[in-house]
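Written below as structure tokens is the structure these notes are about.
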Amino acid sequence: MLIPSRDRGFQIPSGEITPRRLYEERREFLRLLATGAAGATLAGWAGRDALAATAAPGKLPALASVPSKVAGAQTMEAVTDYKDASSYNNFYEFGTDKSDPARNAHTLKTRPWTVEVEGLVNKPGKFGIEDLLKLSAQEERIYRLRCVEGWSMVIPWIGYSLSELIRKVEPQGSAKYVEFVTLADPKTMPYVGSRVLDWPYAEGLRMDEAMHPLTLLSFGMYGEVLPNQNGAPVRLVVPWKYGFKSAKSIVKIRFVEKEPGTAWNKAAANEYGFYSNVNPDVDHPRWSQATERRIGEPGGLFAKRRKTLMFNGYEPQVGQLYAGMDLKKFY
């Protein structure tokens, strides 16, 4: 709509004219829409636009990356504000309140940092964080994050598929699971030693889950290295599982034959299963999992809740991993 001005009448400044590139892209999208071929293109454009809208916050060193080509790696949903994603966290090593990690995690020392790989592999070894950063090309991925507590975010991560590291260390045929052990340093993590959990925090995945291309070894978010409170300097991101499955500040990766014990499963096995896939049809014993609250949306605690998606919306990519399984039994 044109708005008159004393200075320029109805003239449109050149800076307000739609660029030719955008006009041509929109025209091409309408053509694809008419032919029914717009789905993939829309997803690609939306992912690109979402990434463009998440300018690096300028808080930490930048981390270069390239767009991911993995199917499902770029959701079309609005990205959560960096301030919310970096200040509303569960990281019990630094406290049990959501604001505790951002307030206390400055004590974490992320350099030097070593991740040891051991167990049923042909090439065990120790990897410095610099070696891990260079092991494969860093990719931009925008994933939904769903907490078991009923809230969610959308976060642009940087990293590469965990499978890149797994292939390098050559698991043996007897390796059926991968265990992740995180740092437990009472000198830099003030709540390590509390009775909330069995320390160090440990998590695990079945081998096919760990090898899935969406399973991300992450070193950054929002175009920068990970903040301490978000799991620096290296963490796991498994987008179809509840957030606590994505171990933070990893120091050891172990390949084992039997299902490993995990922190929350040890603490309350009837509430937190080994798989912990996002499932709106399987409630937590103390609350429903059918809906979720998106952090940062208007209304805060009173914002309208959205329906939770099966496998957090990644069912087309990961549903086959659980074909034939009783998901209420293997929750």
(message) Can you pull out every residue in segment 256-290 that is among the hydroxyl-bearing types (Ser, Thr, Tyr) and open to solvent by 50 Å² or more (accessible area, probe 1.4 Å)?
(response) Ser288
(message) With the requirement that a residue be of a type outside the set (D, E, K, R) and closer than 14 Å to Trp264 by Cβ, what does segment 179-199 give you?
(response) Phe180, Thr182, Val196, Leu197, Trp199
(request) Mind listing whichever residues of segment 199-218 are among the hydrophobic types (A, V, I, L, M, F, W, C) and closer than 12 Å to Leu165 by Cα? (result) Ala210, Met211, Leu216, Leu217
(message) Yes or no: segment 205-221 includes at least one residue that is at pLDDT 95 or above and over 28 Å from Lys126 (Cα atoms).
(response) no
(request) May I ask you to verify whether Val192 is in contact with a helix residue (DSSP H, G or I) (Cβ under 6 Å, 6 or more places away or on another chain), part of a loop (DSSP other than H, G, I, E, B) and either polar (S, T, N, Q) or open to solvent by 40 Å² or more (accessible area, probe 1.4 Å) (or both)? (result) no
(request) May I ask you to list the residues in segment 92-107 that are within 21 Å of the chain's Cα centre (by Cα) and either open to solvent by 10 Å² or more (accessible area, probe 1.4 Å) or of a type in the set (Asp, Glu) (or both)? (result) Tyr92, Glu93, Thr96, Asp97, Lys98, Ser99, Asp100, Ala102
(message) Taking the criterion of being in contact with a helix residue (DSSP H, G or I) (Cβ under 8 Å, 6 or more places away or on another chain), over 23 Å from Trp240 (Cα atoms) and open to solvent by 10 Å² or more (accessible area, probe 1.4 Å), would at least one residue in segment 144-159 satisfy it?
(response) no
(message) Being of a type outside the set (S, T, N, Q) and surrounded by 18 or more Cβ atoms within 10 Å (Cβ to Cβ) is the filter here; which residues of segment 173-183 pass it?
(response) Ala175, Tyr177, Val178, Glu179, Phe180, Val181, Leu183
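When only residues in segment 108-119 that are surrounded by fewer than 18 Cβ atoms within 10 Å (Cβ to Cβ) and in contact (Cβ under 8 Å) with a residue 24 or more places away in the chain count, which is nearest to Glu140 (Cα to Cα)?
At the first step, the residues of segment 108-119 found to be surrounded by fewer than 18 Cβ atoms within 10 Å (Cβ to Cβ) are 109-112, 114, 116, 118.
Still in the running and in contact (Cβ under 8 Å) with a residue 24 or more places away in the chain: 109-111, 114, 116, 118.
Working: Lys109: 25, Thr110: 22, Arg111: 23, Thr114: 24, Glu116: 25, Glu118: 28 Å.
So the residue we want is Thr110.
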(request) Looking at (1) aliphatic (A, V, I, L, M); (2) over 22 Å from the mean Cα position of the chain (by Cα); (3) part of a loop (DSSP other than H, G, I, E, B), find the lone condition where Leu301 falls short. (result) (3)
(request) State all residues of segment 294-309 that are in contact (Cβ under 8 Å) with a residue 12 or more places away in the chain and either open to solvent by less than 40 Å² (accessible area, probe 1.4 Å) or at positive phi (or both); if no residue qualifies, say none. (result) Arg294, Ile295, Gly296, Thr308
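Being open to solvent by 20 Å² or more (accessible area, probe 1.4 Å) and free of Cβ contacts under 8 Å to residues at least 24 places away in the same chain: is that true of Lys134 here?
For Lys134, the condition - open to solvent by 20 Å² or more (accessible area, probe 1.4 Å) and free of Cβ contacts under 8 Å to residues at least 24 places away in the same chain - is met.
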(request) Could you grab the pairs with beta carbons closer than 7 Å, sequence gap of 6+ or different chains, first residue in segment 263-290 and farther than 20 Å from Ala247 by Cα, second one assigned to a strand (DSSP E or B)? (result) Pro280/Lys307; Ala290/Lys307
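Yes/no per residue for (1) small (Gly, Ala, Ser); (2) under 22 Å from the mean Cα position of the chain (by Cα); (3) at pLDDT below 95:
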position	(1), (2), (3)
Ser249	yes, yes, no
Lys258	no, no, no
Glu292	no, yes, no
Ile295	no, yes, no
Gly313	yes, yes, no
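The values are calculated or read from the model by the stated rules, or taken from the named source; none is laboratory data. Please read all numbers here as calculations on a predicted model, not as lab measurements. Using ideal geometry, Cβ is built from the backbone for each residue, glycine included, and neighbour counts are taken over all protein chains shown. In case anyone asks, the SASA skips ligands and DNA or RNA and just uses the protein heavy atoms, side chains included. Shrake-Rupley method; radii C 1.70, N 1.55, O 1.52, S 1.80 Å.
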